[in-house]
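Have a look at the structure below, then the notes.
The values are calculated or read from the model by the stated rules, or taken from the named source; none is laboratory data. What you see is a predicted model, and the numbers here were worked out from it, not measured in a lab. Here the Cβ is made from the backbone with ideal geometry for all residues, glycine too, and neighbour counts use every protein chain on show. Remember, those area values only see protein heavy atoms, side chains included, never the ligands or the DNA or RNA. Shrake-Rupley method; radii C 1.70, N 1.55, O 1.52, S 1.80 Å.
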Amino acid sequence: MLRSLPVAARVWSVLYVVDAVLLLVCRAAGADAVAEVAQWCAMPLLAAAVATATRWPRGRLVTWTLVALGCSWLGDTLPATSGGDTAFLLMVGGFLLAQVAYVVAFAPDARRSVAYRHPVRLLPYAVVLVVLVGLCAPHAGALLVPVAVYGGVLVAMAVLATGVSPLAGAAGAVFVVSDGLIALEAFVPAWHLPGQDVWVMLTYLVAQGMLAVAVVERNHAARRARPVPAAEARPPAPKRDNVVALVGWTGAPVR
């Protein structure tokens, strides 16, 4: 797919991948200051890739995906302005807005999702939501309601993403894993995953990247399937031979 993209989109995509690798390496090495700056740059780079890979009018799916990436950037940057529970709430608030934007983007494809085509497949999503909220509840305190609301919207996004494409559905599942890891670290004292920060960022960056690719692919497919207007489909008028035109102009009969 990369070769079929405009040059600008390819450049932004490569920059996103480079930034993601830098972010992960810095997290693993403990270079948190550089990792934080790289995290602030990730979503703008991905949004630029999506914007340059699609053409105006971009439609609801692309437009709301760009809004979601913007809100995700808020979730990445706002926590740095505060600390403690306030920083956590700012992060949750930014990403809650992002998930709502993704829900709005994916909602028109709801009838193509597992919720309509394979309702039984909703069970794993429901189990994951109940287990996560149940594990977090004993230690979440006043944050339990925001966490539960966020979890419900996150799972709704993941379910609706299955209606966009299999790739988007997989991305939604990876997003649930990423945010689930954050919740477990924040509210389950016994939880300890080696390389927690790296795994959280890896799943986050992969999920966002997969969603971006799925949205661009859907946009390109929709453009290819769009019917050609009658004026554009009309065959061009045949060119008149110069000799025939000259004879016609002089009034001589054409044999």
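Relative to the first principal axis of the alpha-carbon coordinates of the chain, what is the inclination of helix 59-77, with its axis defined by its Cα atoms, in degrees from 0 to 90 and to the nearest 10?
Tilt relative to the chain: about 30 degrees.
Going by average Cβ density within 10 Å per residue, which order do the peptides 27-36, 52-61 take, highest to lowest? Spell out each step's value before the answer.
Values: 27-36: 14.2, 52-61: 16.5.
So the peptides 27-36, 52-61, ranked by packing, come out 52-61, 27-36.
Can you compute the charge dipole magnitude of the chain about its Cα centre, using +1 on each Lys and Arg Cβ and -1 on each Asp and Glu Cβ, nothing else charged? Give it in debye, rounded to the nearest 20. Spell out each step's value before the answer.
Working: 18 positive and 12 negative charges, 378 e Å.
With Lys and Arg at +1 and Asp and Glu at -1, about 1820 debye.
Along the charge dipole of the chain, Cβ charges K/R +1 and D/E -1, which of Ser82, Val216, Gly94 sits furthest on the positive end?
Val216
When the helix-only estimate is applied to the chain (DSSP H runs of n ≥ 4, each -39,500 (n - 2.57), divided by the residue count), what is the mean residue ellipticity at 222 nm, nearest 500 deg cm²/dmol? Working shown, then result.
Values: 11 runs with 193 residues, N = 255.
Mean residue ellipticity at 222 nm (helix-derived): -25500 deg cm²/dmol.
Over the range 2-223, what is the mean sequence separation of C-alpha contacts under 8 Å (at least six apart), divided by residue count, expressed as relative contact order in percent? Let's see the in-between values first.
On the way: 282 pairs, mean separation 42.7, N = 222.
Computed value for the range 2-223: 19 percent relative contact order.
Which order do the peptides 155-161, 134-140, 186-192 take when ranked by the mean count of other beta-carbon atoms within 10 Å per residue, highest first?
Numbers: 155-161: 25.3, 134-140: 14.3, 186-192: 12.6.
My ranking of the peptides, most packed first, is 155-161, 134-140, 186-192.
Write down the accessible area per residue of the chain in Å², having rolled a 1.4 Å probe over the full set of protein chains. List each step's numbers first, then the result.
Numbers: 14060 Å² over 255 residues.
With the other protein chains kept in place, the chain gives 55 Å² per residue.
Work through the residues other than Leu46 whose Cβ is under 14 Å from its Cβ and net out their charges, Lys, Arg +1 and Asp, Glu -1. Walk me through the numbers before you get to the answer.
Values: positive: Arg10; negative: Asp19, Asp76.
Surrounding charge for Leu46 is -1.
Tell me the carbon and sulfur percent of the accessible area for the range 1-160, rounded to whole percent, probe radius 1.4 Å. Mind dumping the intermediate values first?
Working: 5990 of 8240 Å².
That share works out to 73 percent.
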